[in-house]
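The values are calculated or read from the model by the stated rules, or taken from the named source; none is laboratory data. The structure presented is a predicted model; accordingly, all values stated were derived computationally and were not measured. All Cβ positions, even for glycine, are placed from backbone atoms using ideal geometry, and neighbour counts span all protein chains on display. Side chains are part of the model used for accessible areas, which takes the heavy atoms of the whole protein and leaves out ligands, DNA and RNA. Shrake-Rupley method; radii C 1.70, N 1.55, O 1.52, S 1.80 Å.
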Amino acid sequence: MHSRTLVRGLTAALAVAFALTGGQASAAPAAPTAEERALAPRIITYDASASAEFRAAVDRGAAIWNESVDSVELRPVAAGQRANIRILADNGWPRAYTTALGSGTVYMGRQAVAQGYDTIRISSHELGHILGLPDRKPGPCSSLMSGSSAGTACTNPRPNAAEKAEVEENFGGTFAWPAGTPRNAVITD
């Protein structure tokens, strides 16, 4: 069972218990335990306000990652706050500039879309780079990080089991970029 599902279930159970007691709370809720805090996902915010026609694809790509992993959650940034990830539209090829694990800039390039690549797959793939995943080329359509090497017919926007596990490890444990990867790595495709 995914930990986020467990947390949501516990929240629902508490709400029902509160309603059954007529709204009368009998004791203050206990502070979260270390284990409960460890199960909570790391929240990463994204600003897609400059993603133009790709806004829906960006939101769907983020939702796919949220459905796929427990250790991290991508959320749209609240008004007036600074986002961990900026997402922009441009006329080039899609790419991600990472500044740290969970931070950077994603460009939703129109060039790939003009060539027939799927916008939601592009969004999920580029967010995968921000979550610490490298390109895996050449690769099959079943690998999200195979990127463009899977061809324009591939519309799979979901990470496979190995990609999910790698993101869980990145955010649940210690992450180190592969040797020789510069801090401000540019990852294209």
**Q.** Criterion (part of a loop (DSSP other than H, G, I, E, B), in contact (Cβ under 8 Å) with a residue 12 or more places away in the chain and more than 18 Å from Phe54 (Cβ to Cβ)) met by exactly one of Gly139, Gly132
**A.** Gly132
Q: Note down all Cβ pairs under 6 Å where the first residue falls in region 45-60 and is of a type in the set (Lys, Arg), the second is crowded, with 18+ Cβ neighbours inside 10 Å and part of a helix (DSSP H, G or I), and they're at least six residues apart or on different chains.
A: Arg60/Ile120
Q. Just checking, how many residues over region 92-109 are in a loop (DSSP other than H, G, I, E, B) and either over 12 Å from Ile44 (Cα atoms) or open to solvent by 40 Å² or more (accessible area, probe 1.4 Å) (or both)?
A. 3
**Q.** Among (1) surrounded by 13 or more Cβ atoms within 10 Å (Cβ to Cβ); (2) closer than 30 Å to Cys141 by Cα; (3) at pLDDT 90 or above, the one test that Val77 misses
**A.** (2)
Q) Taking interchain pairs and intrachain pairs at least six residues apart, which have beta carbon atoms under 9 angstrom, with the first residue in region 161-172 and farther than 13 Å from His129 by Cα and the second of a type outside the set (Lys, Arg) and in a helix (DSSP H, G or I)? A) Gly172/Ala38
Q) Say we look at region 115-124 and pick out the residues that are over 13 Å from the mean Cα position of the chain (by Cα) and not hydroxyl-bearing (Ser, Thr, Tyr); which of these is surrounded by the fewest Cβ atoms within 10 Å (Cβ to Cβ)? A) Gly116
Q: Identify, from the list Ala89, Ala112, the residue that is assigned to a helix (DSSP H, G or I), at pLDDT 95 or above and over 13 Å from the mean Cα position of the chain (by Cα).
A: Ala112
